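K.L.:
Handing you this structure, nothing more for now.
The values are calculated or read from the model by the stated rules, or taken from the named source; none is laboratory data. Computed from a predicted model, the values in this text were never measured in an experiment. Methodologically, a virtual Cβ is constructed for each residue, glycine included, from the backbone with ideal geometry; neighbour enumeration extends over all protein chains shown. Areas reflect the complete protein model, heavy atoms only, side chains present, ligands, DNA and RNA absent. Shrake-Rupley method; radii C 1.70, N 1.55, O 1.52, S 1.80 Å.
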Amino acid sequence: MPFQKVQPEKLSTAVTRQIELLILRGILRPGERLPAERELAERLGVSRPSLREAISELQEKGLLSSKAGSGIYVADVLGSAFSDALVKLFANHEEAVFDYISFRRDMEGLAAERAARLASDTDLKVIQTVYDKMEAAHSKRNPDDEAQLDADFHLSIIEASHNVIMLHMMRSMYQLLREGVFYNRKMMFKQRTTRDTLLIQHRAINTALQARDAEAARGAVEAHLDYVRTTLQDLNKSERNERVAQQRFQHEQSR
């Protein structure tokens, strides 16, 4: 008969598995600091030696890292998505920018459709909370905050789609976006007409999700990213035109 004796599980193994799942599901994020040892042991209901054993194992696996005098942190597990050489290649070629937006359009459209169908009520509350913060930042006209919340809003939708592969892949992509590898998002939020349009589009996405309208949610995300693509093309064209105008001006002054 295909039965085997059940082996008792070490407490440290149970702790390791719990933290692994929190990282896998995107609840614990790269760079996030774990609670102090005493507090974490109490929360988990284990002894401090068992906790230390689990943390040591997770460090060996590359999921946690320690900082002297600071504590234990979730490792930057997203950094391995692209090599440094490829990141530099992305940054130096406009073609990559628009391929990136097309990729986001496909992935985030799918994520919005999934979120409308699969998200829990709490997931939708998270999305609503981030959107409310976007409206508050918009009224304060702070492009830095708006750019940050833009990323948070889109990632909250991906989280609500409940696909861990998509979640970690898109977090990695957004990390590159935050670092300005593809384009400067803050520039878009400095133009009044553009930022007003972006807020309207985000409102449409949120409304569709809160109504659990999968088709409308996907359509709203796709329309939004089509607009981002067109706006970036216009900005790039304006920058090229300005460079030419500056050359004409300098030449005219020297004649």
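K.L.:
Which ones in region 116-125 are assigned to a helix (DSSP H, G or I), over 13 Å from Thr207 (Cα atoms) and open to solvent by less than 70 Å² (accessible area, probe 1.4 Å)?
P.N.:
Answer for region 116-125, where residues must be assigned to a helix (DSSP H, G or I), over 13 Å from Thr207 (Cα atoms) and open to solvent by less than 70 Å² (accessible area, probe 1.4 Å): just Asp123.
K.L.:
Check whether at least one residue in region 196-212 is farther than 15 Å from Leu124 by Cα, at pLDDT 85 or above, among the acidic types (Asp, Glu) and more than 13 Å from the chain's Cα centre (by Cα), and report yes or no.
P.N.:
Yes, region 196-212 contains at least one residue that is farther than 15 Å from Leu124 by Cα, at pLDDT 85 or above, among the acidic types (Asp, Glu) and more than 13 Å from the chain's Cα centre (by Cα).
K.L.:
Condition first: open to solvent by less than 30 Å² (accessible area, probe 1.4 Å) and modelled with pLDDT of 90 or more. Now tell me which residues in region 12-45 satisfy that.
P.N.:
Those that are open to solvent by less than 30 Å² (accessible area, probe 1.4 Å) and modelled with pLDDT of 90 or more: Val15, Thr16, Ile19, Leu34, Leu40, Ala41.
K.L.:
So Lys88 passes all but one of these: (1) within 16 Å of the chain's Cα centre (by Cα); (2) at pLDDT below 90; (3) over 20 Å from Leu28 (Cα atoms); (4) assigned to a helix (DSSP H, G or I). Which condition number does it fail?
P.N.:
Every listed condition holds for Lys88 apart from (1).
K.L.:
Right, next: Quick check on region 160-180: of everything there that is in a helix (DSSP H, G or I) and either more than 24 Å from Asp145 (Cβ to Cβ) or among the charged types (D, E, K, R) (or both), which residue is most open to solvent (accessible area, probe 1.4 Å)?
P.N.:
Among those residues, the one meeting the criterion is Ile165.
K.L.:
Collect the residues in region 24-41 that are on the phi > 0 side of the Ramachandran plot and either touching a Leu at 6+ places or on another chain (Cβ under 7 Å) or assigned to a helix (DSSP H, G or I) (or both), keeping them in residue-number order.
P.N.:
The one that is on the phi > 0 side of the Ramachandran plot and either touching a Leu at 6+ places or on another chain (Cβ under 7 Å) or assigned to a helix (DSSP H, G or I) (or both): Gly26.
K.L.:
Still on this model: Pull up region 184-213, narrow it to residues that are assigned to a helix (DSSP H, G or I), of a type outside the set (S, T, N, Q) and more than 20 Å from Val130 (Cβ to Cβ), then point me to the one that is most open to solvent (accessible area, probe 1.4 Å).
P.N.:
Arg192
K.L.:
Given the structure, is Ile157 in a helix (DSSP H, G or I), open to solvent by 50 Å² or more (accessible area, probe 1.4 Å) and aliphatic (A, V, I, L, M)?
P.N.:
Criteria not met by Ile157.
K.L.:
Could you please tell me which pairs satisfy a Cβ distance under 6 Å, a separation of 6+ or placement on different chains, a first residue in region 127-148 that is open to solvent by 80 Å² or more (accessible area, probe 1.4 Å), and a second residue that is part of a helix (DSSP H, G or I)?
P.N.:
Close Cβ pairs (under 6 Å, with a partner that is part of a helix (DSSP H, G or I)) amount to Lys133/Leu149.
K.L.:
If we scan region 42-49, do we find a residue that is assigned to a helix (DSSP H, G or I), of a type in the set (Asp, Glu), closer than 15 Å to Ile19 by Cα and free of Cβ contacts under 8 Å to residues at least 24 places away in the same chain?
P.N.:
Among the residues of region 42-49, at least one is assigned to a helix (DSSP H, G or I), of a type in the set (Asp, Glu), closer than 15 Å to Ile19 by Cα and free of Cβ contacts under 8 Å to residues at least 24 places away in the same chain, which makes the answer yes.
K.L.:
Now, a different point. Within region 79-122, how many residues are of a type in the set (Lys, Arg) and under 12 Å from Leu225 (Cα atoms)?
P.N.:
2
K.L.:
Condition test on Ala216, is it more than 14 Å from Pro143 (Cβ to Cβ), open to solvent by 20 Å² or more (accessible area, probe 1.4 Å) and modelled with pLDDT of 95 or more?
P.N.:
yes
K.L.:
Just one of the numbered conditions (1) under 25 Å from the mean Cα position of the chain (by Cα); (2) surrounded by fewer than 13 Cβ atoms within 10 Å (Cβ to Cβ) is not true of Glu242; which one?
P.N.:
Single failed check for Glu242: (1).
K.L.:
Check Ile165, Ile127 and return the single one that is β-branched (Val, Ile, Thr) and either touching a Cys at 6+ places or on another chain (Cβ under 6 Å) or under 28 Å from Phe82 (Cα atoms) (or both).
P.N.:
Ile165
K.L.:
State the number of residues belonging to region 101-112 that are open to solvent by less than 50 Å² (accessible area, probe 1.4 Å), among the charged types (D, E, K, R) and closer than 16 Å to Glu215 by Cβ.
P.N.:
1
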